[in-house]
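Reviewing the structure listed below.
The values are calculated or read from the model by the stated rules, or taken from the named source; none is laboratory data. Being a predicted model, the structure only gives us computed values, none of them experimental. All Cβ positions, even for glycine, are placed from backbone atoms using ideal geometry, and neighbour counts span all protein chains on display. The protein model used for the area step is the full one, side chains on, heavy atoms only, and it has no ligands, DNA or RNA in it. Shrake-Rupley method; radii C 1.70, N 1.55, O 1.52, S 1.80 Å.
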Amino acid sequence: MTPTALRRPTTATATPAVPTAPATATTPPVSAAATVAASPAATGPRTGTAPPDAPSILRRCRDLVAPALTDAIDGLHPWVAEMARYTLGLREAAGAGAGPGRGKGIRQALAVLGAEAVSGPGSAGVPGAVAVELVHTFSLLHDDIMDGDALRRGRPALWKAYGTGPAVLAGDALFALGVETLAVTPHAGSAVRQLTTALGDLVGGQADDLLFAQRPWTGPEAVRAGEYLTMAERKTGALLGCALALGARLAGAPDHTAGELDLIGRHLGVAFQIADDVLGIWGEPERTGKPVHGDLRQGKKTLPVLAALDAAPGGGELAELLTAPGALDGDGARRAATLVERAGGRTRAEHEARRHLAEARTRLTALRLAPGPVGELGTLLSALAGRTV
């Protein structure tokens, strides 16, 4: 595998890239939902009983963050605020009524739990939760435009509902507001550096992802599994790690603790992305909201496919299917999925996801933080990496 890409010089908030290792087919195939959630969640919450389930954790944290998030958006230009509320699922287009598209608040929960894990109040992590949620939403707005995705959470993406120019404007406003939210906190310097480091990685990961689409499936210029894992760590893991680290920083944690939490979130991001890859090929449409074998039909370079091509000299029939002119039809996609699984691509991807989840758990345990919040983080790690919330 290709080694992880070099980054710019480290600062007090920068952390080394998540290490990658060759995926090995040591585990038999299991279901997409269960594959990366095999380890039981940590226990030992504040009451001495098992921690609440993931939906309850997410709901508690969203409820804590909601007033601050609403206040921040209310300070925007009225038209931009309307678009922001639509994007966050708080309003329908033209500002009328509440919409169905509200996200789960994953990054908000990580920021709150990051503060609580270092024995601070959850409220200390709220500015970090707001900042990361705003920046994450900004990235989704621009992603939808770049990818030409017309839907987001089951309804028209913002650029479809309001136009491309207004959607770009709203994204820019959310980005600026996210930075401003941290700039007025007592830990402004380190918090803003944490966010901008993550943003630099996110942009780099998105750039790599766009470039991967232009590269061939086979030959010396083909995308390798190691490159893909580095991209996933940056594009998906950077903001998850940032959320955890920001919550801890805002609660007064030292650089070392914040850096370790950042790395934990990045490992989680890789496992999260791989689980998404598996569901993108073999997931049930009623669960994923996408057609079966959707990623194969779209020609996406995901880890199961890349691992399968690595395992087969020259790529064989799979390579022929992927490199044929035009998109795969239903029969072609089904055949490709069978070949990927037969070559061990699914098993190798699931093994890699479990490895990153296990590394996140090991690092979290080694920090010896507050047991209650760590128990809730353990529950959330399994649910997110297994895509069960």
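Could you look at the range 156-261 and say what percent of its accessible area is carbon and sulfur, using a 1.4 Å probe and all protein chains?
Answer for the range 156-261: carbon and sulfur cover 60 percent of the accessible area.
Take the Cβ-Cβ distance between S119 and V203 as r, set R0 to 25 Å, and report the resulting FRET efficiency rounded to the nearest 0.05.
Given R0 = 25 Å and the Cβ-Cβ separation, E is 0.15.
Net charge near D310, counting Lys/Arg +1 and Asp/Glu -1 over other residues with Cβ under 9 Å of its Cβ?
+2
Mind running the shape call on the range 122-281? Use the C-alpha gyration tensor, a ≥ b ≥ c as the square roots of the eigenvalues: rounded below 1.5 for a/c, prolate if a/b tops b/c, oblate otherwise.
Oblate.
According to the square roots a ≥ b ≥ c of the eigenvalues of the Cα gyration tensor, what is the shape class of the range 200-272, taking rounded for a/c under 1.5, prolate for a/b larger than b/c otherwise, and oblate for the remainder?
prolate
Could you order the peptides 133-139, 231-237 from most to least packed, using the average number of other C-beta atoms within 10 Å per residue?
Most protected by this proxy first, the peptides run 231-237, 133-139.
On average, how much area does the Cα convex hull of the range 311-389 cover when viewed from any direction, in nm²?
Mean shadow area of the hull around the Cα atoms is 7.4 nm².
Modelling each spin label as a point 7 Å along the Cα-to-Cβ direction, I'd like the T362/H77 distance in nm, to one decimal.
5.1
How high is the FRET efficiency between Q298 and D172 when r is their beta carbon distance and R₀ equals 22 Å, given to the nearest 0.05?
Computed FRET efficiency for Q298 and D172 comes out at 0.20.
How much length is gained on full extension from E317 to M146, taking 0.36 nm per residue of separation minus their Cα-Cα distance?
58.4 nm
What full-extension length gain, to one decimal in nm, is calculated for D255 and A327 as 0.36 nm per residue of separation minus the Cα-Cα distance?
Residue separation times 0.36 nm, minus the Cα-Cα distance, leaves 21.1 nm.
Taking H placed 1.01 Å from N in the peptide plane, check which residues at least 5 places from R152 or on another chain put their amide H under 5 Å from its amide H.
A157
Could you pull the Rg and Dmax for the range 134-190, using just the Cα atoms, both in Å?
Using the Cα atoms of the range 134-190, the pair Rg, Dmax is 13.3, 40 Å.
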